[in-house]
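Each value in this text was obtained by applying a stated rule to the coordinates, not by laboratory testing. In this text, all values refer to a predicted model and were calculated from it rather than measured experimentally. No Cβ is skipped: glycine too gets one built from the backbone with ideal geometry, and neighbour counts run over all protein chains shown.
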Amino acid sequence: GAVVSQHPSWVICKSGTSVKIECRSLDFQATTMFWYRQFPKQSLMLMATSNEGSKATYEQGVEKDKFLINHASLTLSTLTVTSAHPEDSSFYICSARERRGTGELFFGEGSRLTVL
Amino acid sequence: AQKITQTQPGMFVQEKEAVTLDCTYDTSDPSYGLFWYKQPSSGEMIFLIYQGSYDQQNATEGRYSLNFQKARKSANLVISASQLGDSAMYFCAMREGNNFNKFYFGSGTKLNVKP
């Protein structure tokens with residue numbers, strides 16, 4: 001199947017700093033990528049849909065200015081958590097969809113953010 | 001209403017036995033896709049199996065099979081001959097209609113395989 005790579009896997013930062021997470025589709029072009037947040041023992045919560053060359057579409061309740069999404073190329077989307085606070089600590093996962101086939105989502109490995 | 005419902009927060013199964021993880025869905029669109037993903041403790045989401053709404057036969061992938069009952073709107077995952085490595089969270093998901101940009105996930109089932 002298609003490969004989606006996410007980096008970094010783990011990140012620890014101080015409160016008030018910004019953290020950037022990258023999501024890359026390694027062997028296919030992804031015009032659309034998705035960013036999820038997952039709290040412990042809970043399901044994935046869709047945060048936003050990242051569209052190449054245009055603004056991201058955010059889900060209700062997700063702060064656009066807090067979670068900046070950029071999809072500058074067909075293989076890269078980034079999520080920047082700005083002025084991070086301890087409550088932003090979470091597991092963030094990206095996914096991408098191949099246009100061909102069943103439309104299944106391929107997921108990155110996830111990034112665990114801890115804000116001190 | 002919930003699009004995807006997984007009613008089993010946790011399940012135990014003895015190694016080498018089969019286990020069924022339940023999933024029901026809600027949609028009025030005749031075209032949809034159903035997926036199962038496995039999430040080990042490491043966090044990555046691993047695609048297991050797919051069933052299209054127009055598929056006549058139940059999907060199978062190795063030890064995984066999907067018991068698709070369209071009238072009941074259920075898509076249960078059956079894992080045969082459980083292995084210790086099957087211990088993980090399992091998520092049922094649905095792509096509704098031809099809107100490839102929307103996936104709905106269930107709340108997940110934590111499967112523990114006992115030796």
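Data for the structure
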{"item": "As computed over chain A, the Cα convex hull volume per residue (Å³)", "result": "98"}
{"item": "Region B:38-67 and region A:42-96: distance between their alpha carbon centers, rounded to Å", "result": "26"}
{"item": "With at most 15 other Cβ atoms within 10 Å, longest stretch of chain A clear of loop GluC sites (Glu not before Pro) (DSSP)", "result": "A:1-58"}
{"item": "Residues with amide H under 5 Å from that of residue B:76, placed H, sequence gap 5 or more", "result": "B:23, B:67, B:69"}
{"item": "GNM top mover of A:16, A:61, A:53 - chain A, alpha-carbon springs below 10 Å", "result": "A:61"}
{"item": "Pairs from A:41/B:110; A:41/B:16; B:16/B:70; A:64/B:38 whose Cα-Cα separation, in the structure shown, is over 20 Å", "result": "A:41/B:16; B:16/B:70; A:64/B:38"}
{"item": "FRET E, pair residue B:31, residue A:73, Förster distance 41 Å, beta-carbon r, rounded to 0.05", "result": "0.85"}
{"item": "Net charge contributed by nearby residues that have their C-beta within less than 14 Å of residue B:66 (K/R +1, D/E -1)", "result": "+1"}
